[in-house]
Amino acid sequence: MLFATKVGFAQSLPNKPVTADHKPSKLQAGKSSETAKEKQSFNPGETWNDTGHVPINAHGGGILFFENKYYWFGQFMVGGDAGNSAQVGVSCYSSENLYQWENEGIALKVDESDSLSDIAKGCILERPKVIYNSKTRKFVMWFHLELKGKGYDEARSGVAVSDKVSGPYMYVNSFRPDAGTWPANVKHYHKKPVSIDVKSAYCGGKGCLPMHPDSLNLLGRDFKKGQMARDMNLFADDNGSAYLIYSSEENSTLHISKLSDDYLSSGGKYTRVFANRYMEGSAMFKRNGKYYIFASDCTGWEPNAARSAVADSIFGSWTELGNPCIGADSALTFHSQSTFVLPVAGKKDAFIFMADRWNPKNAIDGRYVWLPVQFKNERPVLKWSDKWDLSVFK
Ligand code: GAL
(Lines give C-alpha, C1' and ligand atoms only; values in the text may rest on other atoms or scores of the structure.)
Protein backbone atom coordinates (compact mmCIF):
# COMPACT_ATOMS: atom_id res chain seq x y z
CA MET A 1 0.00 0.00 0.00
CA LEU A 2 1.55 3.26 -1.06
CA PHE A 3 -0.38 5.16 1.52
CA ALA A 4 -3.30 4.49 3.81
CA THR A 5 -6.10 6.92 3.17
CA LYS A 6 -8.06 8.09 6.16
CA VAL A 7 -11.22 6.31 5.16
CA GLY A 8 -9.51 3.25 3.74
CA PHE A 9 -7.37 2.72 6.78
CA ALA A 10 -10.19 3.07 9.27
CA GLN A 11 -12.33 0.60 7.40
CA SER A 12 -9.59 -1.98 7.57
CA LEU A 13 -9.42 -1.89 11.37
CA PRO A 14 -10.44 -5.25 12.78
CA ASN A 15 -13.33 -5.11 15.16
CA LYS A 16 -11.83 -7.29 17.86
CA PRO A 17 -11.68 -6.27 21.50
CA VAL A 18 -8.38 -5.00 22.82
CA THR A 19 -7.18 -5.22 26.36
CA ALA A 20 -6.79 -1.68 27.56
CA ASP A 21 -3.83 -2.17 29.79
CA HIS A 22 -3.36 1.26 31.34
CA LYS A 23 0.24 0.65 32.19
CA PRO A 24 2.38 -1.48 29.88
CA SER A 25 4.06 -4.26 31.81
CA LYS A 26 7.72 -4.01 32.66
CA LEU A 27 8.29 -6.81 30.18
CA GLN A 28 7.56 -4.29 27.45
CA ALA A 29 10.29 -2.02 28.72
CA GLY A 30 13.08 -1.92 26.17
CA LYS A 31 16.75 -2.60 26.71
CA SER A 32 18.69 0.48 27.51
CA SER A 33 22.28 0.89 28.66
CA GLU A 34 21.23 3.71 30.98
CA THR A 35 18.43 3.46 33.48
CA ALA A 36 15.71 6.08 33.17
CA LYS A 37 17.08 7.89 36.22
CA GLU A 38 20.58 8.25 34.76
CA LYS A 39 19.45 9.21 31.30
CA GLN A 40 21.04 12.46 30.17
CA SER A 41 20.59 12.27 26.43
CA PHE A 42 18.04 11.83 23.66
CA ASN A 43 18.24 8.65 21.61
CA PRO A 44 15.86 9.10 18.69
CA GLY A 45 14.00 5.97 17.65
CA GLU A 46 15.04 3.92 20.70
CA THR A 47 12.71 2.74 23.43
CA TRP A 48 12.37 5.55 25.97
CA ASN A 49 11.42 4.47 29.47
CA ASP A 50 9.72 6.60 32.06
CA THR A 51 11.04 6.81 35.63
CA GLY A 52 9.03 3.67 36.43
CA HIS A 53 11.02 1.73 33.76
CA VAL A 54 8.01 1.49 31.45
CA PRO A 55 8.13 2.81 27.86
CA ILE A 56 6.66 6.30 27.56
CA ASN A 57 3.27 6.01 25.90
CA ALA A 58 2.39 9.44 24.51
CA HIS A 59 2.14 9.33 20.74
CA GLY A 60 1.21 12.20 18.42
CA GLY A 61 2.00 14.30 21.44
CA GLY A 62 2.85 17.81 22.45
CA ILE A 63 4.41 19.48 25.47
CA LEU A 64 3.28 22.28 27.75
CA PHE A 65 5.82 24.04 29.96
CA PHE A 66 4.14 25.17 33.14
CA GLU A 67 5.63 26.34 36.45
CA ASN A 68 9.11 24.98 35.74
CA LYS A 69 7.96 21.60 34.54
CA TYR A 70 7.32 20.10 31.15
CA TYR A 71 4.10 18.13 30.64
CA TRP A 72 4.00 15.73 27.71
CA PHE A 73 0.53 14.74 26.51
CA GLY A 74 -0.07 12.10 23.87
CA GLN A 75 -2.17 9.24 22.59
CA PHE A 76 -1.98 6.23 24.91
CA MET A 77 -1.67 3.36 22.45
CA VAL A 78 -2.23 -0.32 23.15
CA GLY A 79 -0.77 -3.33 21.37
CA GLY A 80 -1.89 -4.59 17.98
CA ASP A 81 -3.38 -2.75 15.04
CA ALA A 82 -6.67 -1.92 16.80
CA GLY A 83 -4.44 -0.01 19.21
CA ASN A 84 -4.49 2.90 16.78
CA SER A 85 -7.98 3.77 17.98
CA ALA A 86 -8.46 5.21 21.46
CA GLN A 87 -8.82 2.39 23.97
CA VAL A 88 -7.63 4.36 26.99
CA GLY A 89 -7.26 8.09 26.33
CA VAL A 90 -4.64 10.79 26.56
CA SER A 91 -1.62 10.19 28.75
CA CYS A 92 0.44 12.73 30.63
CA TYR A 93 4.08 12.64 31.75
CA SER A 94 6.07 15.31 33.57
CA SER A 95 9.72 16.23 33.57
CA GLU A 96 12.04 18.94 34.83
CA ASN A 97 14.90 18.21 32.47
CA LEU A 98 13.31 16.62 29.36
CA TYR A 99 15.30 13.38 29.80
CA GLN A 100 13.46 11.77 32.71
CA TRP A 101 9.69 11.54 32.55
CA GLU A 102 7.36 10.58 35.33
CA ASN A 103 4.03 8.98 34.46
CA GLU A 104 1.21 11.30 35.63
CA GLY A 105 -1.49 8.84 34.51
CA ILE A 106 -4.32 9.27 32.02
CA ALA A 107 -5.24 12.95 31.67
CA LEU A 108 -8.36 12.39 29.55
CA LYS A 109 -10.10 9.03 29.71
CA VAL A 110 -12.24 7.65 26.93
CA ASP A 111 -15.80 6.83 27.97
CA GLU A 112 -16.03 3.13 28.76
CA SER A 113 -19.63 3.14 29.93
CA ASP A 114 -21.43 4.91 27.09
CA SER A 115 -20.77 3.61 23.60
CA LEU A 116 -22.69 6.59 22.18
CA SER A 117 -20.42 9.12 23.87
CA ASP A 118 -18.39 11.26 21.45
CA ILE A 119 -15.27 9.93 23.13
CA ALA A 120 -16.46 6.34 23.54
CA LYS A 121 -13.75 3.72 23.86
CA GLY A 122 -12.82 2.81 20.28
CA CYS A 123 -13.19 6.31 18.87
CA ILE A 124 -10.21 7.84 17.10
CA LEU A 125 -8.62 10.50 19.26
CA GLU A 126 -5.38 11.79 17.80
CA ARG A 127 -2.65 14.38 18.30
CA PRO A 128 -3.84 15.87 21.64
CA LYS A 129 -2.30 19.21 22.58
CA VAL A 130 -2.69 21.29 25.74
CA ILE A 131 -2.30 25.03 26.31
CA TYR A 132 -2.87 27.13 29.41
CA ASN A 133 -5.28 30.03 29.45
CA SER A 134 -4.04 32.54 32.02
CA LYS A 135 -7.34 34.50 31.95
CA THR A 136 -9.58 31.56 32.81
CA ARG A 137 -6.80 29.63 34.59
CA LYS A 138 -7.87 26.52 32.75
CA PHE A 139 -5.77 24.01 30.89
CA VAL A 140 -7.36 23.44 27.51
CA MET A 141 -6.81 20.30 25.46
CA TRP A 142 -7.66 20.03 21.75
CA PHE A 143 -7.50 16.86 19.69
CA HIS A 144 -8.62 15.37 16.39
CA LEU A 145 -11.73 13.32 17.04
CA GLU A 146 -13.48 10.70 14.95
CA LEU A 147 -16.60 9.07 16.33
CA LYS A 148 -16.47 5.36 17.01
CA GLY A 149 -17.26 3.23 13.98
CA LYS A 150 -17.26 6.11 11.51
CA GLY A 151 -13.75 5.83 10.14
CA TYR A 152 -12.27 9.25 9.48
CA ASP A 153 -15.50 10.75 8.11
CA GLU A 154 -16.45 13.14 10.91
CA ALA A 155 -13.16 15.11 10.91
CA ARG A 156 -13.92 16.98 14.14
CA SER A 157 -11.96 18.96 16.68
CA GLY A 158 -12.49 17.89 20.29
CA VAL A 159 -11.99 20.07 23.36
CA ALA A 160 -11.47 19.14 27.03
CA VAL A 161 -10.57 21.27 30.06
CA SER A 162 -9.00 20.89 33.46
CA ASP A 163 -8.12 23.06 36.46
CA LYS A 164 -4.99 21.02 37.02
CA VAL A 165 -2.30 20.60 34.41
CA SER A 166 -2.06 16.82 34.61
CA GLY A 167 -5.83 16.40 34.66
CA PRO A 168 -8.32 14.90 34.94
CA TYR A 169 -9.60 16.69 31.82
CA MET A 170 -13.35 16.90 31.28
CA TYR A 171 -14.59 16.52 27.74
CA VAL A 172 -16.43 19.70 26.65
CA ASN A 173 -17.55 19.10 23.06
CA SER A 174 -16.47 18.45 19.50
CA PHE A 175 -17.31 20.17 16.26
CA ARG A 176 -16.19 21.13 12.80
CA PRO A 177 -14.41 24.45 13.29
CA ASP A 178 -15.26 27.74 11.64
CA ALA A 179 -18.84 26.88 10.69
CA GLY A 180 -20.62 29.72 8.89
CA THR A 181 -17.47 31.80 8.55
CA TRP A 182 -15.42 32.58 5.46
CA PRO A 183 -11.64 32.65 5.82
CA ALA A 184 -9.75 35.94 5.72
CA ASN A 185 -8.44 35.01 2.27
CA VAL A 186 -11.74 33.76 0.80
CA LYS A 187 -11.96 33.96 -3.00
CA HIS A 188 -15.09 35.06 -4.83
CA TYR A 189 -15.62 31.56 -6.27
CA HIS A 190 -15.85 30.05 -2.79
CA LYS A 191 -19.10 31.92 -2.26
CA LYS A 192 -20.70 30.55 -5.44
CA PRO A 193 -23.19 27.67 -5.11
CA VAL A 194 -21.45 24.30 -4.93
CA SER A 195 -22.10 21.94 -7.84
CA ILE A 196 -24.21 18.89 -7.02
CA ASP A 197 -21.39 16.83 -8.57
CA VAL A 198 -19.21 17.63 -5.59
CA LYS A 199 -19.31 14.62 -3.30
CA SER A 200 -19.93 14.94 0.40
CA ALA A 201 -16.72 12.98 1.05
CA TYR A 202 -13.61 12.00 -0.83
CA CYS A 203 -11.13 9.42 0.35
CA GLY A 204 -9.03 11.96 2.19
CA GLY A 205 -5.79 10.96 0.55
CA LYS A 206 -3.69 12.51 -2.15
CA GLY A 207 -4.94 11.68 -5.60
CA CYS A 208 -8.56 11.27 -4.47
CA LEU A 209 -9.68 14.69 -5.56
CA PRO A 210 -10.41 14.92 -9.28
CA MET A 211 -9.49 18.61 -9.26
CA HIS A 212 -7.89 21.32 -7.20
CA PRO A 213 -9.90 21.83 -3.97
CA ASP A 214 -10.73 25.35 -5.11
CA SER A 215 -12.33 24.10 -8.34
CA LEU A 216 -14.40 21.66 -6.34
CA ASN A 217 -15.02 24.36 -3.74
CA LEU A 218 -14.68 22.10 -0.71
CA LEU A 219 -14.57 25.21 1.43
CA GLY A 220 -18.02 26.24 0.19
CA ARG A 221 -19.30 22.69 0.53
CA ASP A 222 -18.45 22.68 4.26
CA PHE A 223 -19.30 26.32 4.97
CA LYS A 224 -22.48 25.62 6.95
CA LYS A 225 -21.46 22.41 8.70
CA GLY A 226 -17.98 23.64 9.56
CA GLN A 227 -14.64 22.81 8.01
CA MET A 228 -13.14 19.31 8.13
CA ALA A 229 -10.47 19.11 10.82
CA ARG A 230 -8.10 16.14 10.93
CA ASP A 231 -4.38 16.35 11.81
CA MET A 232 -4.13 19.32 14.13
CA ASN A 233 -1.93 21.33 16.41
CA LEU A 234 -2.14 24.35 18.67
CA PHE A 235 0.12 27.34 18.79
CA ALA A 236 0.08 29.80 21.69
CA ASP A 237 1.59 33.12 20.69
CA ASP A 238 3.43 35.33 23.17
CA ASN A 239 0.64 37.95 23.17
CA GLY A 240 -1.91 35.49 24.59
CA SER A 241 -3.58 34.66 21.26
CA ALA A 242 -3.77 30.97 20.43
CA TYR A 243 -4.37 29.22 17.14
CA LEU A 244 -5.67 25.90 15.90
CA ILE A 245 -3.90 24.57 12.83
CA TYR A 246 -5.78 21.79 11.08
CA SER A 247 -5.70 19.73 7.89
CA SER A 248 -8.96 20.54 6.14
CA GLU A 249 -10.81 20.23 2.84
CA GLU A 250 -10.23 16.45 2.56
CA ASN A 251 -6.70 17.01 3.93
CA SER A 252 -5.76 19.07 0.89
CA THR A 253 -5.40 22.44 2.62
CA LEU A 254 -4.29 23.69 6.04
CA HIS A 255 -6.43 26.12 7.98
CA ILE A 256 -5.06 28.35 10.71
CA SER A 257 -7.81 29.52 13.02
CA LYS A 258 -7.59 31.98 15.90
CA LEU A 259 -9.14 30.61 19.07
CA SER A 260 -11.69 32.47 21.17
CA ASP A 261 -10.34 34.27 24.25
CA ASP A 262 -11.15 31.27 26.46
CA TYR A 263 -9.48 28.92 23.92
CA LEU A 264 -12.59 26.72 23.87
CA SER A 265 -13.72 27.38 20.31
CA SER A 266 -12.56 28.73 16.98
CA GLY A 267 -12.96 32.46 17.23
CA GLY A 268 -14.30 33.37 13.80
CA LYS A 269 -11.06 34.38 12.12
CA TYR A 270 -9.13 31.92 10.04
CA THR A 271 -7.11 31.57 6.90
CA ARG A 272 -6.39 28.88 4.30
CA VAL A 273 -2.76 28.07 3.60
CA PHE A 274 -0.84 25.67 1.33
CA ALA A 275 -3.96 24.88 -0.74
CA ASN A 276 -3.73 21.49 -2.47
CA ARG A 277 -0.39 20.70 -0.74
CA TYR A 278 -1.84 18.00 1.55
CA MET A 279 0.03 19.07 4.66
CA GLU A 280 -0.35 16.92 7.77
CA GLY A 281 1.48 16.70 11.08
CA SER A 282 1.76 20.48 11.31
CA ALA A 283 3.91 21.92 14.10
CA MET A 284 4.35 25.68 14.48
CA PHE A 285 6.92 27.69 16.40
CA LYS A 286 8.15 31.26 16.59
CA ARG A 287 11.75 32.37 16.34
CA ASN A 288 13.06 35.94 16.21
CA GLY A 289 9.57 37.24 15.49
CA LYS A 290 9.01 34.92 12.53
CA TYR A 291 6.59 32.00 12.43
CA TYR A 292 7.79 28.64 11.20
CA ILE A 293 5.87 25.52 10.45
CA PHE A 294 6.99 21.94 9.97
CA ALA A 295 4.58 19.52 8.34
CA SER A 296 4.48 16.24 6.49
CA ASP A 297 2.95 15.09 3.26
CA CYS A 298 -0.26 13.03 3.46
CA THR A 299 0.63 9.32 3.33
CA GLY A 300 -1.18 7.83 6.34
CA TRP A 301 1.12 6.03 8.78
CA GLU A 302 3.86 5.78 6.17
CA PRO A 303 6.64 8.35 6.48
CA ASN A 304 7.34 10.87 3.74
CA ALA A 305 9.46 13.97 3.16
CA ALA A 306 8.87 16.78 5.67
CA ARG A 307 7.95 20.31 4.67
CA SER A 308 8.89 23.62 6.24
CA ALA A 309 7.65 27.16 5.76
CA VAL A 310 8.06 30.66 7.21
CA ALA A 311 5.85 33.73 7.59
CA ASP A 312 6.15 37.19 9.12
CA SER A 313 2.59 37.03 10.31
CA ILE A 314 0.67 33.97 11.39
CA PHE A 315 -2.06 34.46 8.79
CA GLY A 316 0.55 34.65 6.06
CA SER A 317 1.65 34.92 3.50
CA TRP A 318 3.62 31.72 4.07
CA THR A 319 6.68 30.81 2.03
CA GLU A 320 7.63 27.17 1.70
CA LEU A 321 11.27 26.41 2.51
CA GLY A 322 11.35 22.78 1.36
CA ASN A 323 12.38 19.63 3.17
CA PRO A 324 14.25 20.63 6.33
CA CYS A 325 15.86 17.19 6.70
CA ILE A 326 19.33 16.50 5.37
CA GLY A 327 21.41 13.34 5.08
CA ALA A 328 20.42 9.66 4.97
CA ASP A 329 16.67 9.01 5.12
CA SER A 330 15.91 12.70 4.81
CA ALA A 331 13.26 11.87 2.18
CA LEU A 332 11.41 9.94 4.90
CA THR A 333 11.92 12.39 7.78
CA PHE A 334 14.15 9.69 9.32
CA HIS A 335 11.13 7.35 9.26
CA SER A 336 8.95 9.66 11.31
CA GLN A 337 6.25 12.32 11.10
CA SER A 338 6.23 15.68 12.88
CA THR A 339 4.00 16.18 15.91
CA PHE A 340 5.33 19.24 17.80
CA VAL A 341 8.14 21.73 18.13
CA LEU A 342 9.22 22.36 21.70
CA PRO A 343 10.94 25.61 22.66
CA VAL A 344 13.46 24.69 25.38
CA ALA A 345 12.77 26.81 28.45
CA GLY A 346 15.44 29.29 29.48
CA LYS A 347 17.48 28.90 26.28
CA LYS A 348 17.48 31.23 23.34
CA ASP A 349 17.03 29.79 19.91
CA ALA A 350 16.59 26.26 21.23
CA PHE A 351 13.86 24.20 19.60
CA ILE A 352 13.29 20.45 19.59
CA PHE A 353 11.59 18.82 16.62
CA MET A 354 9.35 16.05 17.96
CA ALA A 355 8.11 13.33 15.63
CA ASP A 356 6.49 9.90 15.73
CA ARG A 357 7.83 6.75 14.21
CA TRP A 358 4.46 5.05 13.87
CA ASN A 359 4.00 1.32 14.19
CA PRO A 360 0.42 0.76 12.97
CA LYS A 361 0.66 -3.04 13.37
CA ASN A 362 1.64 -2.70 17.02
CA ALA A 363 0.70 0.85 17.92
CA ILE A 364 2.13 0.74 21.45
CA ASP A 365 5.60 0.25 20.00
CA GLY A 366 5.64 3.52 18.07
CA ARG A 367 8.86 5.40 18.81
CA TYR A 368 9.77 9.03 19.33
CA VAL A 369 12.22 10.92 17.19
CA TRP A 370 13.42 14.12 18.81
CA LEU A 371 16.04 16.21 17.04
CA PRO A 372 17.44 19.69 17.61
CA VAL A 373 16.31 22.30 15.11
CA GLN A 374 19.33 23.97 13.56
CA PHE A 375 19.23 27.06 11.37
CA LYS A 376 21.23 27.70 8.24
CA ASN A 377 20.68 31.00 6.45
CA GLU A 378 17.46 31.43 8.43
CA ARG A 379 16.13 28.07 7.21
CA PRO A 380 15.40 25.29 9.70
CA VAL A 381 17.54 22.18 9.25
CA LEU A 382 17.06 18.73 10.80
CA LYS A 383 19.97 16.33 10.91
CA TRP A 384 19.90 12.81 12.29
CA SER A 385 21.78 12.12 15.49
CA ASP A 386 21.82 8.74 17.33
CA LYS A 387 22.43 10.45 20.61
CA TRP A 388 22.41 14.09 21.60
CA ASP A 389 21.73 16.34 24.56
CA LEU A 390 20.72 19.88 25.40
CA SER A 391 24.33 21.10 25.31
CA VAL A 392 23.93 21.39 21.50
CA PHE A 393 22.03 24.58 22.25
CA LYS A 394 24.33 27.45 23.14
C1 GAL B 1 -1.55 10.14 9.40
C2 GAL B 1 -1.83 11.12 10.51
C3 GAL B 1 -2.02 10.36 11.78
C4 GAL B 1 -3.14 9.35 11.57
C5 GAL B 1 -2.84 8.46 10.39
C6 GAL B 1 -3.95 7.48 10.09
O7 GAL B 1 -1.41 10.80 8.17
O8 GAL B 1 -0.79 12.03 10.60
O9 GAL B 1 -2.30 11.25 12.83
O10 GAL B 1 -4.33 10.05 11.32
O11 GAL B 1 -2.63 9.25 9.24
O12 GAL B 1 -3.80 6.89 8.84
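Shown for the chain: cysteine residues without a partner Cβ closer than 4.7 Å, namely Cys92, Cys123, Cys298, Cys325. Placing Ser113, Ser241, Ser215, Ser91 in order of accessible area, with the largest value first and a 1.4 Å probe, yields Ser113, Ser215, Ser241, Ser91. Ignoring aspartates and glutamates fewer than eight residues from Lys135 along the same chain, the ones with Cα atoms less than 13 angstrom from its Cα are Asp163, Asp261, Asp262.
With all pairs of different C-alpha atoms in the average, the Kirkwood value for the hydrodynamic radius of the range 56-164 is 14.2 Å.
Percent of Cα-Cα pairs more than 17 Å apart in the range 35-102, please.
On the way: 999 of 2278 pairs.
Percent of Cα pairs beyond 17 Å in the range 35-102: 44.
Bin width 10 Å, alpha-carbon pairs only: give the P(r) of the range 247-300 as whole percents, running from 0 to the bin holding the largest distance. Using 10 Å bins, I get a P(r) of 22, 45, 31, 2 for the range 247-300.
Scale the Cα Rg of the range 72-126 by the rule-of-thumb value 2.2 N^0.38 Å and send over the ratio, two decimals.
Details: Rg = 12.5 Å, N = 55, 2.2 N^0.38 = 10.1 Å.
Taking the Cα Rg and dividing by 2.2 N^0.38 Å, one obtains 1.24.
Contact order, relative form, for the range 268-394: 18 percent (alpha carbon pairs under 8 Å, 6 or more residues apart, mean separation divided by residue count).
For the chain, which whole-number percentage of the solvent-accessible area (1.4 Å probe, protein heavy atoms only) is attributable to carbon and sulfur atoms?
Numbers: 8240 of 16520 Å².
Accessible surface attributable to carbon and sulfur in the chain totals 50 percent.
What number do you get for the range 104-191 when its Cα radius of gyration is normalised by 2.2 N^0.38 Å, N = residues?
Working: Rg = 15.3 Å, N = 88, 2.2 N^0.38 = 12.1 Å.
Cα Rg divided by the expected 2.2 N^0.38 Å: 1.27.
Given the -39500 (n - 2.57) contribution per DSSP H run of 4+ residues, what per-residue ellipticity at 222 nm results for the chain, rounded to the nearest 500 deg cm²/dmol? Mean residue ellipticity, 222 nm, calculated: -500 deg cm²/dmol. Packing, taken as the mean count of other beta carbons within 10 Å per residue, orders the peptides 273-279, 348-354 from highest to lowest as 273-279, 348-354. Probing with 1.4 Å while keeping every protein chain in the model, the per residue accessible area of the chain equals 42 Å². Within a straight-line Cα-Cα reach of under 17 Å, Lys383 can be paired with the following aspartates and glutamates, leaving aside sequence neighbours fewer than 8 residues apart in one chain: Glu46, Asp329, Asp349, Asp356. Within the same chain, lysines fewer than 8 places from Lys187 are excluded, and of the rest, those with a Cα less than 27 Å from its Cα are Lys199, Lys206, Lys224, Lys225, Lys258, Lys269, Lys290. Computed extension length for Ala201-Tyr189: 2.3 nm, one decimal, from 0.36 nm per residue of separation with the Cα-Cα distance subtracted.
You can think of it this way: the chain between Asn97 and Val310 has 73.8 nm of extra reach, that is 0.36 nm per residue less the Cα-Cα gap. Separation of the alpha carbons by more than 23 angstrom is noted, of Lys138/Lys394; Lys69/Lys348; Lys39/Lys387; Lys121/Lys361, for Lys138/Lys394. Legend: P(r) of the range 156-278 from all alpha carbon pair distances, 5 Å bins from 0, whole percents, reading 2, 11, 21, 23, 18, 11, 7, 4, 2, 1. As a rough guide to protection, the peptides 51-62, 367-378 ranked by mean Cβ packing within 10 Å, highest first, stand as 51-62, 367-378.
Seen from a random direction on average, the alpha-carbon convex hull of the chain projects onto 18.3 square nanometres.
The values are calculated or read from the model by the stated rules, or taken from the named source; none is laboratory data. Just so you know, these numbers come straight off a predicted model, no measurement behind them. For neighbour counting, all protein chains shown are included, and Cβ atoms are generated from backbone atoms with ideal geometry for every residue, glycine included. When the accessible area is computed, the model is the full protein with side chains, heavy atoms only, and any ligands, DNA or RNA have been set aside. Shrake-Rupley method; radii C 1.70, N 1.55, O 1.52, S 1.80 Å.
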